[in-house]
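As structure tokens, the structure follows; a few thoughts come after it.
Nothing in this text is a laboratory measurement; each read-out follows from the coordinates by a stated rule. This structure is a prediction, so every number in the text was calculated from the model and none was measured. Note: ideal-geometry Cβ built from the backbone for every residue, glycine included; neighbour counts use all protein chains shown.
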Amino acid sequence: MPTALSPFAPRASGALAVCAALLLSAGCGAAPERTAEQPPGAAEERDLRFTSGPDTLHGTFAVPKGASGKVPGALIVSGSGPTDRDGNSDMRPNADTNRNFARVLADAGVASLRYDKLGSGDTGMASHAKDDRIGYDVFEQEMTDAYAELAAQPGVDPGRLMVLGHSEGSLFALRAPQVIEENPPKALVLAAPVGNRYLDTVDRQITEQVRGGESQGRFDAERATAVLSDTRLAIARVRGGHPVPDDIAPELDALFRPELGPFLRRIDGLDPARLGADLPADVATLVLWGEADSQVVRQDVDRLMTGLDGAERVDLPDTDHVFRVYHDSPGSPVLDDERDFSPDVAPALTGFVDSALAGA
């Protein structure tokens with residue numbers, strides 16, 4: 001977790017630290033230094049910069065090796081927290097989720113752009129002071145500007161573009177057809193997507209972690225009850241547009257800091273199933289979910305699918321939230337860099353791209 005905290009830096013303790021880090025999309029702070037090594041696969045990569053409002057953002061453009069003529073393109077949108085262009089953060093410095101998606105896309109003949117959103121990687125806080133209040137609209141604008149940068153790249157066909165959003169990035173992907181006016185995306189990939197309203201997901205994850213901590217002796221019954229009660233109170237206050245009391249359980253401070261109220265209320269108002277139902281009929285959608293994902297549960301994806309008429313869904317066995325192979329048997333590797341990217345991603349993604357973008 002970041003040590004240099006800004007208004008949106010995830011900051012929590014004990015059983016809730018992981019929940020805070022995973023759920024705060026606007027988390028700002030220094031992410032791990034990005035390595036220069038390129039992912040294996042048929043991609044040629046180069047770093048680039050582009051502007052979004054007053055900020056300069058840094059990203060990586062990947063194009064299939066030996067590509068001739070114009071190829072399809074994909075914008076990759078990171079998940080929550082100060083997650084950099086490669087899909088890494090202090091909490092998971094070797095996840096490489098976006099980097100691996102870029103490699104698979106290149107193998108499928110698709111160029112891609114991934115970027116360091118505000119508060120992550122080389123972008124850092126850009127033009128902002130660390131105490132500035134930064135709202136949801138800033139991050140949505142970053143997505144639209146990154147998309148325009150992708151469309152402008154030589155060798156990319158602006159008529160065959162898609163958005164791939166991982167975890168919370170799926171909300172931004174679902175918004176893309178509404179907010180991108182020029183060359184809107186022909187297809188979306190929602191990877192480990194959010195399926196419920198934002199604060200409902202917060203509530204579920206906090207409940208799971210508190211109950212787990214209680215069973216392991218890290219929370220006593222009285223403390224667990226207090227944390228869960230304060231969670232429901234804070235959510236109700238945010239949804240009502242009211243300030244959260246200062247005396248809530250300290251474990252919740254990072255999630256419900258005063259600066260976060262407007263951001264949380266705005267993003268909580270985005271119902272993923274409703275966003276899916278409002279997608280244009282000609283936007284093809286693929287939902288990828290790992291059956292070993294402990295952060296996005298099956299019921300969340302089931303709910304999302306109720307709004308995605310005609311979408312394709314692929315559930316990947318033995319695959320976790322960052323799409324690495326996971327087994328819970330004794331002695332199995334736990335660290336991200338010791339586990340392979342799921343081999344089931346490539347056929348699912350390649351098949352979808354061939355169908356959704358080939359004739360666009």
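Brief remarks follow.
- Sites Leu233 and Arg46, calculated FRET efficiency, Cβ-Cβ separation with R0 56 Å, nearest 0.05: 0.70
- Rounded to the nearest whole angstrom, the semi-axes of the ellipsoid equivalent to segment 220-260, taken from the Cα gyration tensor as √(5λ), stand at 19, 11, 7, largest first.
- Summing +1 for each Lys or Arg and -1 for each Asp or Glu among the other residues whose beta-carbon sits under 12 angstrom from that of Gly241 gives +3.
- Candidate lysines - alpha carbon under 25 Å from Lys65, same-chain residues fewer than 8 apart omitted: Lys186
- Of all beta bridges that DSSP places with both ends in the chain, some 40 percent have antiparallel geometry.
- Kyte-Doolittle at least -1.0, axis length at least 20 Å by Cα - qualifying DSSP helices, the chain: 136-151, 198-215, 221-239
- Whichever lysines have a C-alpha closer than 21 Å to that of Lys117, once near sequence neighbours (fewer than 8 apart) are set aside: Lys130
- For the chain, calculated [θ]222 nm from helices alone, where every DSSP H run of n ≥ 4 adds -39500 (n - 2.57): -10000 deg cm²/dmol
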